[in-house]
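Below is one structure; the comments refer to it alone.
The values are calculated or read from the model by the stated rules, or taken from the named source; none is laboratory data. Please read all numbers here as calculations on a predicted model, not as lab measurements. Cβ placement follows ideal geometry from the backbone for every residue including glycine, while neighbour counts extend to all protein chains displayed. Ligands, DNA and RNA are excluded from the accessible area calculation, which covers all protein heavy atoms including side chains. Shrake-Rupley method; radii C 1.70, N 1.55, O 1.52, S 1.80 Å.
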Amino acid sequence: MFGLIEMKEFVEELGYDKQKVRFWHQFENSLHLGSEAIETDTDIYGIIKHIGNNRSSESECDDFEDSDYDMEEDDRLFEKWVVHDVGFDGEVGKGKSVDNILLSEEMQNMIEGEHSEGGEDSDKFQSVPGSDDDVTPKFPKYNPKTENKNPDLQLGLIFSSKKEAKFVIDTHCLRRGMMYRFDRNDHRRLRARCKKEGCEWYVYVSPMQEDKSWQVKGYNAVHSKCSWNYYNNNIISGWLGKTFVNKFKNNPKLGTNELRSEICNTLKCNVSKQQAYRAKQKAINILLGSLKEHFSTIRDYCLELMRSNYGSTVVLKLIDDESDLELDEEYAWTFMSDKQKGLIPVFESLFSNAENRFCVRNLHSNMKRDGFTGQSLKNALWAVARATGMEEFKARIEQLKELDENAYKWLVSSYLRCYEHAIQGINGAELWPKCELPPLLPPKYENKPGRPKKMRRRQPDEPPAATNTTRMKKCQKSLRCGKCGVVGHNART
C-alpha cells in the first residue's frame, strides 16, 4: 500500500527535508484548472484508485509514447511555477529556507489567497466537475433538532438554506451577548461582523457549487475585548417567537410577564414588555397559524369532507352581506356555537327543525335547565364525555343511569338527536386534497375599543371567579335583570 509516509520517504531519498515538503494534486495536467493539497492517506488513495491495474511496464511505455501528452506544455509550466535555485537541502540562495519548496512566489500567493478574508477566493482551488478527483470531503452539517438551542459555528458547516444560516448566526451571537451587523446579505453571500470597532470576528456564508445548500467559507471566532451586551439591539420579536415557541407549546396560557422573565433569565438581556407581547403573538401564530392561513384551507376542507363522506354535497358560498345566505328550512341544518346570548332563539324561530350543538359545559347548562341538577350528576356527565372507548362509554352511562334514570334518558335522547346526521371523521390538514382555485381571504377585522375580555361569562348558578384566596365573594341570588329577566345580573352588567 502506498501512502503519505512512503511519499515523504521517497522525497527524503532525493535529498529534500521531508518535514518541509508539501504535496499538491493538479487537475487534468494544468495548474490553471486548480489544485488541491495532499495531506492524508485518503487523498492519496483517491488518486491511486483511478490508476489502472494489471498493466505491464511495456504497455505503459507504449501508451506514453503514443499519447498526445505535450512535453513542451509541461516544460513551460515548470519554468513558470517552480523556483530553480532550490538545493537538495531545501535552501534558496544564501541558505534562506522556504516553507513551500519548489513553489514560486506567485504560486504561494495563490495558495495563501485560499484562506483570505471572507472566503471570496476560496473557490479557485476547488475540484473541477468531471475531473479524476472523485473524493468528496465530508463537511459538518447543521442539525436543527439537536443544535437549535445553542449552535456553534465552524469552518465548512453546511446549512440547507440561507434562511437557516441567518437564523443560526443570529442564535449563535445572541446566545453569547454579541452585537453584530450583516454588511453583506443578498442571494449569493451572507457576511456578518462584530459591531465593536477593531474586533476581527466575522463569518462568511455562500452557496455551494452545484448545490442549493449554503456553507461557511470564512470564519474568525476570535473577539477583541468584546464584553456581554445586556442591552442588545439585535434582539427582535420575530427571533424571540421562533426561539421560545416550545414554551407556548407546553403552556399555551403563558403570560407576557412570565415570558419576559424567562427571556431575561435565559439570554441575560433586557427585553421590553412590548417586545415580549409581540414575541408571544408570533409564537402563537407559528403554533396555530394565522387567520389568513386558516381561511386559505377552507376549500381543501370542503374537498376532504366530500372524500370522507361519500355521496354528500358540500356547498361553499361567498357573500358580501349576511342577508344573502338564503338558507332553506327544508334541509336538516346543524348549527354549532358556544351558546351566545340571543342566538338560540333566532335558530328556534327561523329553523324549527335545526339541531344546535354545544360543548359539554353548555350541555350541562341545558341539563340543569330541564331540572337535572347536583354535583353528582355533573361529575357523571363529565365522566361520560371523557370516555375514550365504547366499553368505557357504556360503563359510564350505566353509572349515570344508576344515579338518575330520567337524566339518563334525557342524555341518550340528546345524544341520538345530536348525531342523527353524522359526519365521518377526516384526516389531518396535511393530508387534505389541494384545491386548484385561489385561496380565500379572511374578512377585514376591526379592533374593538377597550381591553379584550379574558374571562368567560359565568352562569347565574355558578360561583364567581375567586380573586381572594382567603375569603369568598358575595353572590346576590335575588338579583334579576330588568331586560331579559334572568337571575344573577342586572340591566347594567
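Using a 1.4 Å probe on the protein heavy atoms only, what accessible surface does Arg175 show? Give it in Å² to the nearest 10.
My reading of the accessible area for Arg175 is about 60 Å².
Output the peptides 346-353, 236-243, 186-193 sorted from most to least packed, where packing is the average of other Cβ atoms within 10 Å over each peptide's residues.
236-243, 186-193, 346-353
For Gln215, which sequence-distant residues (separation of 5 or more, or a different chain) have an amide H within less than 5 Å of its own amide H, given hydrogens modelled in the peptide plane?
The answer is Phe159, Ser206, Met208.
Over its Cα atoms, what ratio of radius of gyration to 2.2 N^0.38 Å does the range 183-301 give?
1.39
Along the charge dipole of the range 221-315, Cβ charges K/R +1 and D/E -1, which of Ile286, Gln274, Asn309 sits furthest on the positive end?
Comparing the listed Cα positions along the dipole, Gln274 ranks first.
Quick check: the distance between the Cα centres of the range 390-428 and the range 211-277, to the nearest angstrom?
Using only Cα atoms to place each centre, the spacing works out to 49 Å.
Just by accessible area at a 1.4 angstrom probe, what is the order of Tyr301, Tyr202 from largest to smallest? Please list the in-between numbers first.
Values: Tyr301 95, Tyr202 25 Å².
Ranked from most to least accessible, the order is Tyr301, Tyr202.
Ignoring ligands, DNA and RNA, how do Thr256, Thr470, Thr266 rank by accessible area with a 1.4 Å probe, largest first?
Largest to smallest exposure gives the sequence Thr470, Thr266, Thr256.
Under 5 Å between amide hydrogens, which residues at least 5 positions from Asn232 or on another chain qualify, with H placed 1.01 Å from N in the peptide plane?
For Asn232, whose amide H was placed from the backbone, the distant partners under 5 Å are Asn270.
Whenever you get a sec, line up Leu440, Leu403, Leu316 from highest to lowest accessible area (probe 1.4 Å, protein heavy atoms).
Leu403, Leu316, Leu440
Once phi is turned into θ = phi - 60°, what whole-Hz ³J(HN,Hα) does the Karplus curve with 6.51, -1.76 and 1.60 give for every residue of the range 244-259, x standing for Gly and Pro?
Each residue's phi maps through the Karplus curve to give 9, 5, 5, 4, 7, 5, 7, 9, x, 8, 5, x, 5, 5, 5, 5 Hz.
Keeping all protein chains in the complex and leaving out DNA, RNA and ligands, what accessible area do you get for Glu200 with a 1.4 Å probe, in Å² to the nearest 10?
120
Add +1 for every Lys or Arg and -1 for every Asp or Glu among the other residues with Cβ under 9 Å from the Cβ of Ala387, and state the total.
+1
Within the set of other residues whose C-beta is less than 12 Å from the C-beta of Trp410, count the net charge using Lys and Arg as +1 and Asp and Glu as -1.
Net local charge, Trp410 excluded: +2.
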